[in-house]
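Below is one structure, written out as structure tokens; comments come after it.
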Amino acid sequence: MSDPGPFLALSNGDAETNNLLLNESGPADARLIDFESAGYTHALSDAVCLYVPGPAWMSVGDPIATGLADHYRRALACGVPEAEDDRRYGFGLAAACMSWAIVRLQRFALLDTRSPGDDSRPQLVATLEAAARTAETHRALPHLTGWARRTADLLRRRRPDADLAFTDRAAFPPYTARG
């Protein structure tokens, strides 16, 4: 992630759902807002929010099934042709998702002081598992993926309130924009 090569891009630094404005003409005219964390970074760090939950929700939709993954990749490839290389793209995306999960894990000591039932506790498990799932899908970073799975399993055992079925879309619907 620290040496993005051709994937170096200007980012607003916070590509979460609430920082994207859509208009009636569709996603081609979408606009990013909130540039206080802007800078040059690995372009795939902006795609993490499609695969891994952000700080305010437990699950994300399936970006492959919805077509968001392909839409993002095609748009990126217009400026970064290397995004068409499955190996490079998959490795970069897996690294970006794992990096996000590790950054979120740094909050462990704080989360460990929170009461059982606090949503932040299972949210960390969901983050680790989603990052591992993305890396597995792209057949990248197998050792780090195993570590994320084992850490999530450990947190599930340590915190019974975090041992939830995040794949249950009725209990944990993916984030949707507020209307």
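The values are calculated or read from the model by the stated rules, or taken from the named source; none is laboratory data. Computed from a prediction, not measured in an experiment: that's the story for all the values here. Because the Cβ atoms are built from the backbone with ideal geometry, glycine has one as well, and the counts that use them run over all protein chains shown. Side chains are part of the model used for accessible areas, which takes the heavy atoms of the whole protein and leaves out ligands, DNA and RNA. Shrake-Rupley method; radii C 1.70, N 1.55, O 1.52, S 1.80 Å.
Yes or no: W147 within 20 Å of V60 (Cα to Cα) and open to solvent by 40 Å² or more (accessible area, probe 1.4 Å)? Taking the combined requirement at face value, the residue does not satisfy it. For the residues D168, D153, the requirement of being surrounded by 13 or more Cβ atoms within 10 Å (Cβ to Cβ), out of contact with any helix residue (DSSP H, G or I) (no Cβ under 7 Å at 6 or more places or on another chain) and free of Cβ contacts under 8 Å to residues at least 24 places away in the same chain singles out D153.
All of (1) among the basic types (K, R); (2) outside any loop (DSSP other than H, G, I, E, B); (3) modelled with pLDDT of 95 or more hold for R139 with one exception: (2). Which one of these is charged (D, E, K, R), closer than 25 Å to F108 by Cα, surrounded by 12 or more Cβ atoms within 10 Å (Cβ to Cβ) and modelled with pLDDT of 80 or more: D46, D14? D46 is the lone residue from the list that is charged (D, E, K, R), closer than 25 Å to F108 by Cα, surrounded by 12 or more Cβ atoms within 10 Å (Cβ to Cβ) and modelled with pLDDT of 80 or more.
E129 meets each of the listed conditions (1) within 17 Å of D153 (Cα to Cα); (2) of a type in the set (D, E); (3) over 13 Å from the mean Cα position of the chain (by Cα); (4) open to solvent by less than 70 Å² (accessible area, probe 1.4 Å) apart from (3).
Being part of a helix (DSSP H, G or I), farther than 23 Å from V125 by Cα and either open to solvent by less than 80 Å² (accessible area, probe 1.4 Å) or in contact with a Lys or Arg (Cβ under 7 Å, 6 or more places away or on another chain) (or both) is a description that applies to R73. A single member of A65, A56 is assigned to a loop (DSSP other than H, G, I, E, B) and open to solvent by 40 Å² or more (accessible area, probe 1.4 Å), and it is A56. Against the list (1) free of Cβ contacts under 8 Å to residues at least 60 places away in the same chain; (2) outside any loop (DSSP other than H, G, I, E, B), the condition F35 fails is (2).
Checked against (1) of a type in the set (V, I, T); (2) at pLDDT below 90; (3) under 30 Å from R158 (Cα atoms), V103 passes all but condition (2).
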